[in-house]
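One structure below.
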Amino acid sequence: MHAQIESVAGFRGRLVLVAGRQHPLAADSAAGGVTLEQLAREQWLVSYWGPASQAFLERVRASGGDEAPAGEWLELSPVELVKGMLLAGTGISLVPEIAVRRELAAGELAALALRGKPRLPDWEINLIRHKRRPPNAAADALAETLARVLPGLTR
């Protein structure tokens, strides 16, 4: 970490692989899971959730091999746009579980299970600030609230 930056708190959250409930991979997932090779052929709605998620996505892309047509990657943000496209049946995505809890519970989105040994990465969240910052009561209150609330939300 840079010498002028301090870490206030760090958290880990779950990332989940999701698709709309009508997506063909939702049925494959329910029937024993999907493979990295299957994922490589799908259209992905990609957001950046840190280096671990990026490494996982690159592993998926590489697993497609030369023979299979590679799926298209659409880089999107914010997560609400990604969720809207997933609900419309457009592609699959790796997103924080906290962002799709309601849709998963309602059955609007399906969590895709992986077949075999692959493990989904965690979402690493670090709350940082500049060491020599001027006092800011609002920023301090936000940091205190996040440090208190986030651990319970990301489990």
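The values are calculated or read from the model by the stated rules, or taken from the named source; none is laboratory data. Keep in mind the model is a prediction, meaning the values are calculated, not measured. So basically every Cβ, Gly included, is an ideal-geometry build from the backbone, and we count neighbours across all protein chains shown. Ligands, DNA and RNA are excluded from the accessible area calculation, which covers all protein heavy atoms including side chains. Shrake-Rupley method; radii C 1.70, N 1.55, O 1.52, S 1.80 Å.
What to note about this one:
- Condition check for Val8: outside any loop (DSSP other than H, G, I, E, B) and either of a type in the set (Phe, Trp, Tyr) or free of Cβ contacts under 8 Å to residues at least 60 places away in the same chain (or both): no
- Subset of the range 114-130 (residues that are closer than 26 Å to Val100 by Cα, open to solvent by less than 80 Å² (accessible area, probe 1.4 Å) and in contact with an Asp or Glu (Cβ under 9 Å, 6 or more places away or on another chain)): Trp123
- Selection within the range 29-61 - without any contact (Cβ under 8 Å) to a residue 60 or more places away in the chain, over 15 Å from Val95 (Cβ atoms) and touching a helix residue (DSSP H, G or I) at 6+ places or on another chain (Cβ under 8 Å): Glu37, Gln38, Ala40, Arg59, Arg61
- Flag for Arg12 being farther than 20 Å from Leu104 by Cβ and basic (Lys, Arg): no
- Selection count, the range 120-130, where residues are of a type outside the set (A, V, I, L, M, F, W, C) and out of contact with any helix residue (DSSP H, G or I) (no Cβ under 9 Å at 6 or more places or on another chain): 2
- Residue in the range 131-153 that is under 19 Å from Ala52 (Cβ atoms), out of contact with any helix residue (DSSP H, G or I) (no Cβ under 7 Å at 6 or more places or on another chain) and buried (at least 17 other Cβ atoms within 10 Å of the Cβ) present: yes
- Scope the range 57-90; condition under 17 Å from Leu120 (Cβ atoms) and either over 12 Å from the mean Cα position of the chain (by Cα) or of a type in the set (Asp, Glu) (or both); matching residues: Glu58, Arg59, Val60, Arg61, Ala62, Ser63, Leu86
- Options Gly84, Gly64; residue that is more than 18 Å from Leu25 (Cβ to Cβ), open to solvent by less than 70 Å² (accessible area, probe 1.4 Å) and small (Gly, Ala, Ser): Gly84
- Among the residues of the range 3-14, some residue qualifies, meaning at least one is out of contact with any Ser or Thr (no Cβ under 8 Å at 6 or more places or on another chain), among the β-branched types (Val, Ile, Thr), over 19 Å from Arg102 (Cα atoms) and open to solvent by 20 Å² or more (accessible area, probe 1.4 Å).
- Filtering the range 26-39 to residues that are buried (at least 20 other Cβ atoms within 10 Å of the Cβ) and either under 11 Å from the mean Cα position of the chain (by Cα) or among the hydrophobic types (A, V, I, L, M, F, W, C) (or both) leaves Val34, Leu39.
- Considering (1) of a type in the set (A, V, I, L, M, F, W, C); (2) modelled with pLDDT under 95; (3) touching a Gly at 6+ places or on another chain (Cβ under 7 Å), the lone condition that Leu86 does not fulfil carries the number (2).
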